[in-house]
Amino acid sequence: MPGKSDERHPAMPGRAEEVDYEQLLDDYSHFAPPAEGEVLSGHVLKITDKDVIVDFGYKCEGLVPIEQVQGPDGKVTVHPGDAIDVVVDRGGVEIDGYVTLSHERAARIRCWDTLEKAFKENLLVAGRVLGRIKGGLSVDVGVKAFMPGSQVDARPVHNLDSYIGQDIPVKIVKLNRRRGNVVVSRKLAIEEEVHTRKSHALEGLAEGAVVTGVVKNLTEYGAFVDLGGIDGLLHVSDMSHGRINHPSEMINAGDEITVKVLKFDRDKERVSLGLKQLQPDPWDSVEERYPIQSHVIGRVVSVTDYGAFVELEPGVEGLIHISEMTWSRRMKHPAKVVKVSDSVEAVVLDVKPRERRVSLGIKQLEADPWTTVATRYSVGSVVEGRVRKLTDFGVFIEIEEGIDGLVHISDLSWTKRIKHPSEVVKKGQLVQAVILHIDAPNRRLSLGVKQLQPDAWETFFRSHQVGDIVRGRVCRAAAFGVFVELAPGVEGLCHNSEIPGAEGHSDAPALSVGEEYEFKVIKMNEAEKRIGLSIRAVADDDERSRLEDYQRQASAATATIEEAIHSKEHGEGR
């Protein structure tokens with residue numbers, strides 16, 4: 001109307017003005033009562049002995065019973081200014097101008113919302129094991145949940161009580177909000193975590209890479225190391241350049257160690273690790289530290305049938321072969337000289353870095369007795385030693401430590417026909433011998449036992465000659481004659497042609513074996529040690545002697561007769 005003021009109510013906007021209805025709703029929404037079961041976010045205003053006063057955005061504050069915000073020890077868990085979730089208690093009863101609220105119901109509703117979201121999105125949930133129940137464990141995930149025994153771990157668990165009181169990650173496998181049932185699994189949570197860690201670990205693995213892991217467990221042959229979702233094997237031989245008998249000498253379960261990836265099979269997910277490869281290889285400069293002929297000191301770490309291994313430093317061992325332990329050849333086992341843990345001095349004989357071998361010797365610490373054997377012994381001298389070894393061809397006698405001499409079977413006796421040395425000597429027996437030859441460069445010494453006695457053949461040839469009559473015993477017969485023993489070890493042959501009556505009777509000897517007869521020496525060959533005998537010549541000599549005696553007797557008789565006749569004639573003439 002004209003003349004009237006055009007003023008409008010300040011709360012009513014003009015047509016040209018925009019109305020912000022969302023702002024108006026925000027400004028006046030607290031005047032509307034909250035929906036049943038709606039979770040509201042409030043702030044603690046004050047704490048009294050019985051209640052917690054909360055501003056939850058309504059026209060008046062609310063009250064939460066103090067019991068709902070107390071911990072197990074009775075202490076209040078909230079303070080003024082803290083945020084707190086609440087719902088209006090059923091009926092929205094006001095007491096002294098305050099609305100009754102429930103924090104427990106709000107927490108329960110929030111919890112179920114969270115659990116449903118975790119179930120739909122396959123998320124992990126934190127839980128605490130409350131106790132053991134039939135078939136598994138009771139777990140607090142905001143509400144009580146059931147975890148079957150088969151879902152506790154990826155491996156069978158024999159002691160479920162050990163999990164009581166532990167905070168564990170779980171996955172929800174079944175949920176029924178209406179009935180309030182929740183089933184959870186720690187096994188699925190672990191498997192997912194392992195899979196995630198393994199995928200991450202595999203991305204960073206490559207041969208030659210240096211990684212850090214935790215020792216899971218030890219075995220006789222090595223250790224398994226968790227590299228973050230995938231296990232690698234650290235073999236005992238790759239732990240140290242030195243000698244170790246068991247992995248526990250270097251590491252223990254739970255240790256965090258840095259290792260090098262030696263081999264990686266991505267398809268089979270097998271990883272071989274090394275610890276010693278992070279240190280310099282001592283064999284790279286072994287020739288510089290241990291020159292040949294140098295003297296070293298080490299510790300015996302192993303004794304075998306063929307020698308002893310000596311640790312010169314961690315990772316470097318040398319072998320003292322049994323043949324390099326003593327100049328003597330009679331040592332049976334290295335344990336007679338050294339024992340494990342002994343500290344020994346040795347001489348470096350050879351170094352082969354590529355083969356990782358160092359040859360050592362301890363007999364070289366003393367002079368080789370063969371270098372002076374020619375000055376300490378002479379041919380023809382008599383020595384004494386112990387029988388060390390018997391062979392088919394002779395006897396080895398040790399005359400001193402490291403010096404053995406050989407007595408050939410032909411030098412054991414002048415007289416006996418020996419088939420094996422055991423017929424004359426025994427192992428370990430102390431015997432004397434004569435040195436026949438010395439060959440120091442070739443480490444050979446020839447000895448003789450029979451040379452201790454005069455040669456029976458030589459004696460016979462010196463005391464007899466062709467034509468002598470000798471007495472001998474028939475020792476054996478042959479088709480062509482008999483052999484006659486003239487002295488111990490000395491035999492002569494009497495051919496059938498020299499035995500009267502033996503010609504044409506080869507089946508039965510004309511002379512009895514074992515009987516003694518007189519023979520005449522008709523041949524002598526000292527070089528070939530041959531003596532020819534004849535029993536026929538003895539008989540001829542006897543006949544000749546008888547004939548000569550007869551002739552002498554006849555001549556004497558004739559002379560006597562002639563002398564008698566001559567005397568008679570001479571008497572008549574007178």
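What follows is calculated from the coordinates using simple rules that are stated; it is not laboratory data. Small disclaimer: the values here were computed from a predicted structure and weren't measured. With ideal geometry, Cβ positions are generated from the backbone for all residues, glycine too; neighbour counts draw on all protein chains shown.
Pairwise over distinct Cα atoms, reciprocal of the mean inverse distance: report the Kirkwood radius of the range 414-497 in Å, one decimal place.
For the range 414-497, inverting the mean 1/r across all distinct Cα pairs yields 16.1 Å.
Using the Kirkwood radius over Cα pairs, work out the Stokes-Einstein diffusion coefficient for the range 205-278 at 37 °C and 0.692 mPa s, in µm²/s as a whole number.
Working: Rh = 12.0 Å.
After rounding, the answer is 274 µm²/s.
Any idea what the alpha-carbon Rg over 2.2 N^0.38 Å comes to for the range 243-370?
In units of the 2.2 N^0.38 Å rule of thumb, it is 1.34.
Quote to one decimal, in nm, the extra length available between VAL301 and HIS200 on full extension: 0.36 nm per residue of separation minus the C-alpha distance between them.
Value of the extension gain: 32.0 nm.
Which number do you get for Rg(Cα) / (2.2 N^0.38 Å) in the range 252-318?
1.60
Computed over the Cα atoms of the range 110-172, what is the convex hull's projected area averaged over all directions, in nm²?
Projected area, direction-averaged: 4.1 nm².
When the label point is put 7 Å from the Cα of TRP112 along its Cα-to-beta-carbon vector, which residues of the range 171-193 have a backbone N closer than 20 Å?
172-184
Within a 10 angstrom radius of the beta carbon, how do HIS333, HIS103, HIS495 rank from fewest other beta carbons to most?
HIS333, HIS495, HIS103
Arrange the following residues from fewest to most other Cβ atoms within 10 Å of their Cβ: THR77, THR114.
The fewest-first ordering by Cβ neighbours comes to THR77, THR114.
How big is the dipole moment of the chain about its Cα centre under a simple scheme where the beta carbon of each Lys and Arg is +1, that of each Asp and Glu is -1, and everything else is neutral? Debye, nearest 20, please. Intermediate results must be reported in sequence, preceding the final value.
On the way: 73 positive and 91 negative charges, 251 e Å.
Computed charge dipole of the chain: roughly 1200 debye.
Could you name the aspartates and glutamates in cross-link range of LYS263, using Cα to Cα under 20 Å and dropping any fewer than eight places away on the same chain?
Counting by Cα, and skipping residues close in sequence, LYS263 has these aspartates and glutamates nearby: GLU203, GLU207, ASP226, ASP231, ASP238, ASP281.
With a cap of 15 neighbouring Cβ atoms within 10 Å, and only residues DSSP puts in a loop, list the trypsin sites (Lys or Arg not before Pro) found in the range 270-331. Walk me through the numbers on the way to the answer.
Details: sites: ARG270, LYS276, ARG289, ARG299, ARG329, ARG330; in loops: ARG329, ARG330.
Sites meeting the loop and neighbour criteria: ARG329, ARG330.
Output ³J(HN,Hα) for the range 160-173: one whole-Hz value per residue in order, computed from phi by the Karplus curve 6.51 cos²θ - 1.76 cosθ + 1.60 with θ = phi - 60°, and x for Gly and Pro.
In residue order, the calculated couplings are 5, 4, 5, 8, 4, x, 7, 8, 10, x, 9, 10, 7, 9 Hz.
Run the Debye formula on the Cα coordinates of the range 37-107, all scatterers equal and no solvent, and tell me log10 I(q)/I(0) at q = 0.11, 0.13, 0.16, 0.27 1/Å.
-0.21, -0.30, -0.46, -1.34
Test of the criteria: in the range 205-270, which chymotrypsin sites (Phe, Trp or Tyr not before Pro) are in a DSSP loop and have at most 16 other Cβ atoms within 10 angstrom of their Cβ? Present the calculation step by step, with values, prior to reporting the outcome.
Numbers: sites: TYR221, PHE224, PHE264; in loops: TYR221.
Answer in residue order: TYR221.
From the C-alpha coordinates alone, can you work out the Kirkwood hydrodynamic radius of the chain, in Å?
Hydrodynamic radius (Kirkwood, Cα pairs) of the chain is 38.7 Å.
Between ASP73 and GLN551, what is the label-point separation in nm under the 7 Å Cα-to-beta-carbon projection?
15.5 nm
Report the Cα-based extents of the range 470-543 along its three principal axes, largest first, to the nearest Å.
Reported extents, whole Å, longest axis first: 32, 27, 20.
Non-local amide H neighbours of ASP82 (under 5 Å, H modeled in plane, Pro and chain starts lacking H): which ones?
Residues meeting the amide H criterion: VAL44.
When a footprinting reagent is the concern and you count Cβ atoms within 10 Å, what order do SER410, SER534, SER240 take, fewest first?
Going from sparsest to densest Cβ surroundings: SER410, SER240, SER534.
Amide H neighbours of LEU262 under 5 Å, at least 5 residues apart or on other chains, H built in the peptide plane: list them.
GLY208, SER272, LEU273, GLY274
Once you have all Cα-Cα distances for the range 369-452, histogram them in 10 Å bins from zero and send the whole-percent values.
Bin by bin from 0 Å, the calculated values are 19, 55, 23, 2.
Filter LYS419/LYS523; LYS450/LYS520; LYS389/LYS419; LYS339/LYS363; LYS117/LYS198; LYS332/LYS419 down to the pairs with a C-alpha to C-alpha distance above 19 Å, please.
Too far apart for the 19 Å limit: LYS419/LYS523; LYS450/LYS520; LYS117/LYS198; LYS332/LYS419.
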